[in-house]
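Presented below is the structure to which this report refers.
The values are calculated or read from the model by the stated rules, or taken from the named source; none is laboratory data. What you see is a predicted model, and the numbers here were worked out from it, not measured in a lab. Glycine also receives a Cβ, built like all others from the backbone with ideal geometry; neighbour counts cover every protein chain displayed.
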Amino acid sequence: MDALVDALAAAKAVFVLTGAGISAESGLPTFRGAGGYWESHRAEELASPAGFERDPALVWRWYNMRIRAYAGAKPNAGHVALAQLESLVPAFTLATQNVDSLHAAAGSKNVLELHGHLREARCTKCGATVSLSSGLPEDRIEHGCGGRFRPQVVWFGEALPADVWQRAAGAAGRADVVLVVGTSANVYPAAGLAMQNERAFLAEINPDQTGLSSRCDAFVREDAAAALPLIVQRLAERQLRR
Ligand code: APR
């Protein structure tokens, strides 16, 4: 943790990549961990264009369940600490794989949603959008234009939003410190952002090993809500002593 605080104290640009693990302490399941979504659901059935084509009602039942869970979730100390870190470093970019909007709710400003969000649905034919504040009833899946409303998330086999990707890759490539929090780093191209800049100090916060661990300069094997506030507090104290 000290090496990470040292690197952050010297950094001009910081890039953070987060995954489902940072929202675990807000009561939201991860995907691949114990009790994770993919333990009891088939990703190709629920998070792919083909799955949606086959059974849109099944897909919406799943997303409506998640939207209800997100509505009841609050940002935790990990989300809040990242919002504070943003104000302590000259340049900061947070790219998240999460679609739960908890980083923005915690006050983070420069957030890139790599896999979209669940605030709106979009018609597959005309592009019309509807708010998802209380989910989408099954009788509203079909749109009058002949299209269907689908969640604005990136499904397996789909490209990430081009502008979001370019900004994330650019920021990751310029970063002095890359912090990877709560992701198993199994899903690309998001996980690849951690390796955009070979010269950057790469650190991981995750109670478990991941596919990135062997490339890290530092790792903190703790929960995000425990480790991040401590790291930010130490950085703030360090800056006060300057
Ligand atoms: N703090 C930090 N990390 C945690 C915590 C915690 N409290 N709890 C769990 N983790 C870690 C797990 O050890 C695991 O490495 O979070 C990671 C979660 O990994 P996944 O469930 O694979 O989620 P994620 O990496 O975000 O998945 C990537 O896959 O299914 C798709 O689109 C979906 O965005 C998602 C993408």
Worksheet item: Does Leu8 fit the bill of being over 26 Å from Pro161 (Cα atoms) and modelled with pLDDT of 95 or more?
Response: yes
Discussion item. Out of the residues in region 139-172 meeting the condition of being without any contact (Cβ under 8 Å) to a residue 12 or more places away in the chain, over 26 Å from Ala9 (Cβ atoms) and not hydrophobic (A, V, I, L, M, F, W, C), tell me which one is farthest from the ligand (Cβ to nearest atom).
Written reply: Gly144
Discussion item. Out of everything in region 91-132 that is free of Cβ contacts under 8 Å to residues at least 60 places away in the same chain, assigned to a loop (DSSP other than H, G, I, E, B) and within 25 Å of Lys74 (Cβ to Cβ), what residue ends up being nearest to the ligand (Cβ to nearest atom)?
Written reply: Val99
Discussion item. Touching a strand residue (DSSP E or B) at 6+ places or on another chain (Cβ under 8 Å), part of a strand (DSSP E or B), within 12 Å of the ligand (Cβ to nearest atom) and not small (Gly, Ala, Ser): is that true of Glu222 in this structure?
Written reply: no
Worksheet item: For Thr30, all conditions in the list (1) modelled with pLDDT of 95 or more; (2) under 21 Å from Leu118 (Cα atoms); (3) outside any strand (DSSP E or B) hold save one; what is the number of the exception?
Response: (1)
Worksheet item: Among (1) under 30 Å from Gly173 (Cα atoms); (2) hydroxyl-bearing (Ser, Thr, Tyr); (3) surrounded by 19 or more Cβ atoms within 10 Å (Cβ to Cβ), where does Ser26 come up short?
Response: (1)
Fill in: Members of region 225-242 that are of a type in the set (Gly, Ala, Ser) and within 15 Å of the ligand (Cβ to nearest atom)
Ala225, Ala226, Ala227
Discussion item. Tally up the residues in region 173-186 that are buried (at least 17 other Cβ atoms within 10 Å of the Cβ), within 16 Å of the ligand (Cβ to nearest atom) and of a type outside the set (Ser, Thr, Tyr), please.
Written reply: 6
Practice prompt. Being under 30 Å from Asp2 (Cβ atoms), out of contact with any Leu (no Cβ under 7 Å at 6 or more places or on another chain) and not polar (S, T, N, Q) narrows it down to one of Ala171, Ala194, Ala218, so name that one.
Written response: Ala171
Discussion item. Residue under question is Trp60, and the condition is that it be surrounded by 20 or more Cβ atoms within 10 Å (Cβ to Cβ) and of a type in the set (Phe, Trp, Tyr); does it hold?
Written reply: yes
Item to complete: Inspect all residues belonging to region 187-194 and state whether any of them is out of contact with any helix residue (DSSP H, G or I) (no Cβ under 9 Å at 6 or more places or on another chain) and more than 12 Å from the ligand (Cβ to nearest atom).
Response: no
Worksheet item: Tell me, which residue of region 23-41 that is in contact (Cβ under 8 Å) with a residue 60 or more places away in the chain and more than 6 Å from the ligand (Cβ to nearest atom) is nearest to Ile205 (Cα to Cα)?
Response: Ser23
Item to complete: Working only within region 57-75, note down all residues that are closer than 12 Å to Pro151 by Cα and in contact with a Ser or Thr (Cβ under 8 Å, 6 or more places away or on another chain).
Response: Ile67
